[in-house]
Amino acid sequence: MITTLDPSLAIRGKILAALRGDATLTAIIPEARIYKSQTPTDAVWPFIRLGVMINTPMRTDGQPGGDITAAVHCFTKGGDDPEKLAMQLNAHVVRILDAIDALALEDDAQMSIHVTQSQVIEDGAEAAAYHGIVSISALGL
């Protein structure tokens, strides 16, 4: 059961569905390479992974709620300009997440998803690889 105290599962499902359902993004990254929190050991680059959700339960005015934070990770390497591709993927992720309507939960509660930061860094674990990070926050309404 999804509760307003821990809506992580509902938020995860909404984000994954939005990413996998976007034709512009899946033209670059096939839907099969948009993963939940664990990346397969044989993952083909480029790929996207939704990080693990962090839930902070809140109780205000006797009503349960929560604050969810997470990040969407975009991994690129090789090619002409892997840094540029990571930036483009980040931009698509920001566009997609910004368009998500509030998520309805039980008891008429709603969560609103907001992008809080977007950055691209070199991925030191792989040669000529970049790691895009789009941080999000989902707050009760």
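The values are calculated or read from the model by the stated rules, or taken from the named source; none is laboratory data. Since the structure is predicted, the reported quantities are computational estimates derived from the model, not experimental observations. For neighbour counting, all protein chains shown are included, and Cβ atoms are generated from backbone atoms with ideal geometry for every residue, glycine included.
Each row is one residue, and each column tells you yes or no for (1) among the aliphatic types (A, V, I, L, M); (2) over 19 Å from CYS74 (Cβ atoms); (3) modelled with pLDDT under 95.
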residue	(1), (2), (3)
ILE2	yes, yes, yes
ARG12	no, no, yes
ALA17	yes, no, yes
ILE28	yes, no, no
GLN38	no, no, yes
Being more than 14 Å from GLY132 (Cα to Cα) and at pLDDT below 95 narrows it down to one residue among ASP6, ASP22; which is it? ASP6
If we take region 59-141, then strands (runs of 3 or more DSSP E) inside it with 2 or more residues that are surrounded by 12 or more Cβ atoms within 10 Å (Cβ to Cβ) and at pLDDT below 75 are 63-77
